[in-house]
Each structure stands twice: as C-alpha cells, then as structure tokens.
Amino acid sequence: MAATKTKRSDLAINGGPKAVTEDIPYVGFGVYELGEEEKRCVNDVLNRKAVFRWQDAKHSYVMRFEEGFAKKTGAKHALAVSSGTAALVTGLTALGVGPGDEVIVPAYTYIASASAVILVGAVPVIAEIDDTLTLDPQDFERKITPYTKAVMPVHMRGIPCDMDSIMRIAKRHNLFVIEDASQCDGGTYKGKRVGAIGHIGCFSLQASKTITSGEGGVVITNDDHLYARAAIAHDSGIAFWRKLSEELAQKVTLQAFAGQGYRMNELAGAVAFAQLHKLDKIVAVCRQRKKELLRDIAGAPGLKPMRVPDPDGECAYSANFLFDSAEEAQRFAQALSAEGVHVHTIHNEGFPDRHIYKYWDYVLNKVPISPGRDPWRDPRYQGSVEYAEDMCPQTMSILTRTVAVPLNQRMTRQHTRLIAKAIKKVAAGLYG
Ligand SMILES: Cc1ncc(COP(=O)(O)O)c(C=O)c1O
C-alpha cells in the first residue's frame, strides 16, 4: 500500500485491515539466549559442588566473568555482585557517599537508583530528563548545592547519556559520577563503553537486561582505591582480601570496614560468564534492526524520532518518537497498536510505573528506613530538598509525549519491514 494514499478509514483503528497479522516477538535480550553454553557452565559448577566463589577460586566463573567484563568494558576492574541495586549501594559506599550528602538522580529511572542513595544514608535530589530520556545536563547543574557529592546519570532504555556535558559539569563542581548502566549493558558513548566513563559504573544482570544471570550486578572502575573499597563494601568477610592483597596491596592501603553480603554465587557466575559472549551480538542485532526501521520510515509525515546523544553507541532497544502533545502521542500509539505492532507509551496515567519519579512514593514522602536511618532528618544533613509530584514538569511533558516501539534481537529484517509498513500507514493516515 502506498503510504501517501492511505485514508483515515483504512487504519485498523477505524475498521480497516491490520498492517501486521503475524506475531512479532516484542521482548528479548539475554534471557532468550539462555542455552547449551549456560547449561554446560552451570553443570560444571554443580558437578564440582563449587557453588561459592572462593571454594575453587582458580576455576571460579565469577572471577572469569569479572575478568571478561572488565576487558569488554575497558575498565581496569570489575566486581560481580548480587544485583544492580547491590552494585549501586556498593559503588556509592566505595565513593564514601553517606549521611549529609546529596546525590542527583534523573526523574526517569527505575526507583532503585534513588533507593540505593537512601540505603547509604544520603538524600536523592531529582533532576529533569531532556528529550533524550536521560538526565538533562542543564537541570543537573541547576540542582547542585553545597551538599551535592555525586551525580548518577542513568543510561535509560539503552540510550547513552550526554556524558561529555555531565562529566564537564561534574568536574567543574568536583562531584563524583556514578553511572547507572543497568539498562545499557553493551552501549557506548563516543567509542567508550558506558559505565567506564565516570568514577564508577554499575550494571544489573536481572532477567530483563541485555545479559542476565537471573539476578546479579557488576561494579566497574578504573580506580584501584575505589575497587578495593567496593570489594570490601560488598563482602563482610575477609575472603576477598586474598585476591585484593595479591593484586592491590602494593598500590592501596586500606582498613577493612563492615561490608554487605553482596557476593555473586558461582551458579549465577556460570550463567553470566556464558552470557557475556552473547552480549555484543545482542546489541549489534538490535542496532541493525533500528537502523533498518528508521531507514524504512524516513520521511513519514508527522514523525520525529527522538534525539540520541550518540546514535552509534545506543543499545537500540526501542525506536522512540516525540509528539507535540500527549493526546497526539496516545492517538498515534493506539492507531499503531491496532495495526498489530507492540507499542509502549512510557507514561500511562494511573499506572504507578516505578520508573517515573512521581510514583516514587517512599522517596517523595521521605519515608525513613527506620527511625535511626533517615537521610532527610539526619542532623548531618544541612540541605533542604523538597519533593512534589509536579516538580519535574519537563520530564512529565516528554514522557507523556513519547511513543516507544520496542526492538529486540529476536526480530528479523522481515519484522522491521512489517513494523515500518504499519508505522508508515498510520503516519500517512493521520498526518498525510
Ligand atoms: C536503571 C536501573 N537501575 C537499577 C536497577 C536495579 O537492578 P536490580 O533489579 O538488579 O537490583 C534496574 C533494574 O531493574 C534499573 O533498570
């Protein structure tokens, strides 16, 4: 069907025939790549009964995963932990963030980014996102106070943040940068792997991520001292010191302190190790699918693909479009969905999506973990952060005007052709 000849009545939402009648896989990533290699590695762990990383340290999958992850990201050190949240808490602890400090987080990220800040006793300060769906560098700078210790740029939905601006501002104000790359494992910014640009980078290996170990996380850094602190912070025991003492004793002198129980176990390590080999391929296929789709729909009326700080480096987990109004975004999304394409409108009124700050109830209400663990009322905190559901109007405006068409590595060229056909049909029907 020629897009320009499409009439409103041709649209499936108005009773016309659907553009797509076959099932297109709309979720993907690491969990769909679990296979023989993972089974072999897990069976090896079980056969050796070596489920704890220090049991058979020489053959540890956790250690091999860490070495491989460090190599892939170009970071000097990688530390595997039990979740993405654990990675953030470990990273913040390594940086020495605690009571009295503020950490700037974007208004659009999974709530764990903010809760990790609270867990170390610091106060999250919420900043706007811009039309890239990631931290707005200008609002980040506006939100800096004398109490700001760190900023946490979050590479949301596989989109690398504007790291040049963020690093420049952080440097000017002497702030730590802890990247939350949980949703962008495999992404790059100007040729550098995300997570390896700031002082610390954190990843999640939870089941919806690029690669997975069911639950898991990684902390990366180029700094020996931060790595040693992170290693101590993630393990209350001294076992880690064997490796640390071998590798780092010449470079850092550190007093151990109370750590968490965030070690990664060997079963998770075995899966993560096997998945690591699949990471680049998953991202490469997603990038290819996005390129095809954007090329196919180029010139379609009324469509504005959203800005990406480094289009070559994004993981390309969705093609995002920004509309002039929330109503227009809804109209387009509903029409495209009726054509048989899976669509995500990011912000659905009434659904308490914990990726959006206004649904971070325990943050906005400053709910303490316990009476003694209350970052906002801690006498060491001299700041005066206030929260409100409408405090980030720019973020809400962008999210309500965004329509995302999810992409994944299970899609084929034929699938992107079909999606493009549906998008062009809807664009022509609504705006042609
Ligand atoms: C941006 C972001 N940060 C942190 C996390 C927390 O990771 P996890 O669920 O592994 O603790 C997630 C994952 O869900 C995430 O998407």
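Numbers for the structure displayed
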| read-out | value |
| --- | --- |
| Translational diffusion coefficient (Stokes-Einstein; Kirkwood radius from C-alpha pairs) of region 176-248 at 10 °C, 1.306 mPa s, in µm²/s | 120 µm²/s |
| Ellipticity estimate at 222 nm from DSSP helix runs (n ≥ 4, -39,500 (n - 2.57)) divided over the chain, nearest 500 | -11000 deg cm²/dmol |
| Test item: Cα-centred dipole of the chain, Lys/Arg +1 and Asp/Glu -1 on Cβ, debye | 1020 debye |
| Cubic angstrom per residue, convex hull over Cα atoms of region 91-238 | 107 Å³ |
| Ratio of Rg to Rh over region 1-160 (Cα coordinates, Kirkwood Rh, two decimals) | 1.14 |
| Square roots of five times the Cα gyration tensor eigenvalues for region 154-301, Å | 33, 21, 11 |
| Backbone HN-Hα couplings from phi across region 75-89 [Karplus 6.51/-1.76/1.60, Hz, Gly and Pro as x] | 7, 5, 10, 9, 10, 7, 9, 8, 6, x, 5, 4, 4, 5, 5 |
| Karplus 3J(HN,Hα) series, Hz, for region 403-411 with 6.51 cos²θ - 1.76 cosθ + 1.60 (x for Gly, Pro) | 10, 10, 9, x, 10, 7, 6, 7, 6 |
| Distant alpha-carbon pairs in the chain (separation over 29 angstrom), percent | 48 percent |
| Whole-angstrom Cα spans of region 27-90 along principal axes, big to small | 34, 32, 22 |
| Order by protection proxy (mean Cβ within 10 Å, highest first), peptides 172-178, 331-337 | 331-337, 172-178 |
| From phi via Karplus (6.51, -1.76, 1.60), per-residue ³J(HN,Hα) for region 122-139 in Hz, x at Gly/Pro | 9, 9, x, 10, 9, 10, 5, 9, 10, 6, 9, 6, 10, 3, 7, x, 5, 6 |
| Size of region 333-388 as Cα extents on the principal axes (Å, biggest first) | 57, 20, 14 |
| Gain in span if fully extended, Tyr362 to Leu46, counting 0.36 nm per residue against the direct Cα distance | 109.7 nm |
| Part-to-part distance (alpha-carbon centres) for region 92-146 and region 23-51, which is given in Å | 34 Å |
| Contour excess over end-to-end distance, with Cα ends at Thr412 and Ser236 and 0.36 nm allotted per residue | 58.7 nm |
| Top of Thr145, Thr90, Thr210 by mean-square fluctuation, Gaussian network on the chain, Cα under 10 Å | Thr145 |
| Built amide H within the under 5 Å cut-off of Phe52, gap 5+ | Glu266 |
| Label-to-label distance, nm, for residues given as Arg168 and Ser9 (7 Å Cα→Cβ offset) | 5.5 nm |
| Projected label distance in nm at Lys190 and Ala249, using a 7 Å step from Cα toward the beta-carbon | 4.0 nm |
| Fewest-first sequence of Glu266, Glu246 by Cβ atoms within 10 Å of each Cβ | Glu246, Glu266 |
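Readers should treat all values here as calculations from the given coordinates under stated rules, not as data from a laboratory. Computed from a prediction, not measured in an experiment: that's the story for all the values here. Using ideal geometry, Cβ is built from the backbone for each residue, glycine included, and neighbour counts are taken over all protein chains shown.
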